[in-house]
Amino acid sequence: MMLNVGEDEEKWLAEGIASVQHNAFYMHRALDSNNLREALKYSAQMLSELRTSKLSPHKYYELCILFSLPLN
């Protein structure tokens, strides 16, 4: 049972990371073209990935760190 939880957690983390990277790419693209509305839309979608209770604190921290990198 614990193995399934760990595998599920890895899957959720991988999906979260992929979503953050996808939205970060399009957010930067929108900012480069001075389209603030689209940039805010993609940044909000990135934020929505942080609204999860499926990850352990360690995995959630990983997602937070990866989330904050594109914002610099």
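Listed here are the residues, each with its yes/no results for (1) out of contact with any Leu (no Cβ under 7 Å at 6 or more places or on another chain); (2) not polar (S, T, N, Q).
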site	(1), (2)
13	no, yes
18	yes, yes
21	yes, no
33	yes, no
39	no, yes
45	yes, no
52	yes, no
65	yes, yes
71	yes, yes
State the number of residues belonging to segment 18-68 that are under 25 Å from residue 4 (Cα atoms), of a type in the set (Ser, Thr, Tyr) and without any contact (Cβ under 8 Å) to a residue 24 or more places away in the chain.
-> 4
Count of segment 30-55 residues which are acidic (Asp, Glu), surrounded by fewer than 15 Cβ atoms within 10 Å (Cβ to Cβ) and modelled with pLDDT under 90 = 0
Is it true that some residue in segment 56-72 is of a type in the set (S, T, N, Q), within 14 Å of the chain's Cα centre (by Cα) and modelled with pLDDT of 90 or more?
-> no
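The values are calculated or read from the model by the stated rules, or taken from the named source; none is laboratory data. Every value quoted in this text rests on a predicted model; they were computed, and no experiment measured them. Cβ atoms come from the backbone with ideal geometry, glycine included; neighbour counts cover every protein chain shown.
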